[in-house]
Amino acid sequence: MANPTYDIYFRGEILPGADKAQVKAAIARIFNADDAKLAILFSGRVNTIKKAVDKVAATKYQQAFKQAGAKAVITLSKTTSTEAATESQAQATNPANKSVTDDGWDVLPSGSDLLKPNERRNIPDADIDTSAIRLVSPFAEVEVDEKIPPPAPDTAHISVADVGEDMNPDRVAAVPSLELDLSKFSVAEIGSALADKKEKKVPSVPDTNHIKLA
C-alpha cells in the first residue's frame, strides 16, 4: 500500500491527569476557536478535524492534541482502508506476511465504532403511557370534545321599567328658590368710596407736671 492517508477525529477526550480547563484553552489556541466551537468539540460527539492527510501531517496533529492534553482519533481514510482490505486478503493467503503497526497509534478501520463499550451511554427505554393517544388520518375530521354550555343566569328578579318612568323615585326633593328682599341695597357709582370716612381721634398729651428728674 503506497502513500496511505489518514482521517483525524476528535470527540472531546482528555488524557488522564490533564486539567479540562487548560485543555480547552490549549485547543482554543490551536484552532482559534470561540466558546461555541469549543462546546461542539467537547460535546462528546465525533468531530471531523481533517481528512485524507499523509502520515507526517497526521503525526503532527496527534502530537498537537497530545501536548494540549487531549486525545485525537486517527483512522485510515476510506480510500486507504479499501486498499488495506485488499492487501489484508492477500496477506491472509500468505502466512509468511506479518502485519506491522506503529506504536502509539490508535488506528481503526473505516466504519468502526469510535466509542468503546464502557463509553457508550446505556439509556433505558422510557415507559410512556400512550393509551390516551390516537392516530387518525390526516384527511379525517378532527373530533372536538363537545362542551356543555353553562346554564343561563336567573333573571326572575329583574324587571324592565316603562319608557319615561322615573328610575329614582326616592331621591331628595329639590330645594325651592328663596324670595329675598333686596330693596335696601343699592349700587354705588363707579369710583365711589365703598366705606364711610371716619374722624381720626388724636389722643391727648398726658400731664407730666408731677414728674421730676432726680
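Numbers for the structure displayed
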| read-out | value |
| --- | --- |
| Among the residues listed as Gly104, Gly111, Gly191, the single one being at pLDDT 70 or above and in a loop (DSSP other than H, G, I, E, B) | Gly191 |
| Hits in the range 1-28 - residues which are free of Cβ contacts under 8 Å to residues at least 24 places away in the same chain and either of a type in the set (Asp, Glu) or in a helix (DSSP H, G or I) (or both) | Lys20, Ala21, Lys24, Ala25, Ala28 |
| Per-region count, the range 34-46, residues surrounded by 16 or more Cβ atoms within 10 Å (Cβ to Cβ) and either β-branched (Val, Ile, Thr) or outside any helix (DSSP H, G or I) (or both) | 1 |
| Within the range 36-55, considering residues that are free of Cβ contacts under 8 Å to residues at least 24 places away in the same chain and either in contact with a helix residue (DSSP H, G or I) (Cβ under 9 Å, 6 or more places away or on another chain) or not aliphatic (A, V, I, L, M) (or both), the one nearest to Ala21 (Cα to Cα) | Leu38 |
| Some residue of the range 114-131 being basic (Lys, Arg), at pLDDT 80 or above and assigned to a loop (DSSP other than H, G, I, E, B) | no |
| Filter result for the condition that a residue is over 27 Å from Arg121 (Cβ atoms) and touching a helix residue (DSSP H, G or I) at 6+ places or on another chain (Cβ under 7 Å), over Ala70, Ala58, Ala64, Ala33 | Ala64 |
| Residue in the range 51-60 that is out of contact with any His (no Cβ under 6 Å at 6 or more places or on another chain), surrounded by fewer than 18 Cβ atoms within 10 Å (Cβ to Cβ), acidic (Asp, Glu) and farther than 19 Å from Glu119 by Cβ present | yes |
| Qualifying position, being part of a helix (DSSP H, G or I) and at pLDDT 90 or above, among Gln89, Gln63 | Gln63 |
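The values are calculated or read from the model by the stated rules, or taken from the named source; none is laboratory data. Keep in mind it's a predicted model, so treat the numbers as computed, not measured. Positions of Cβ are backbone-derived with ideal geometry, glycine not excepted, and every protein chain shown enters the neighbour counts.
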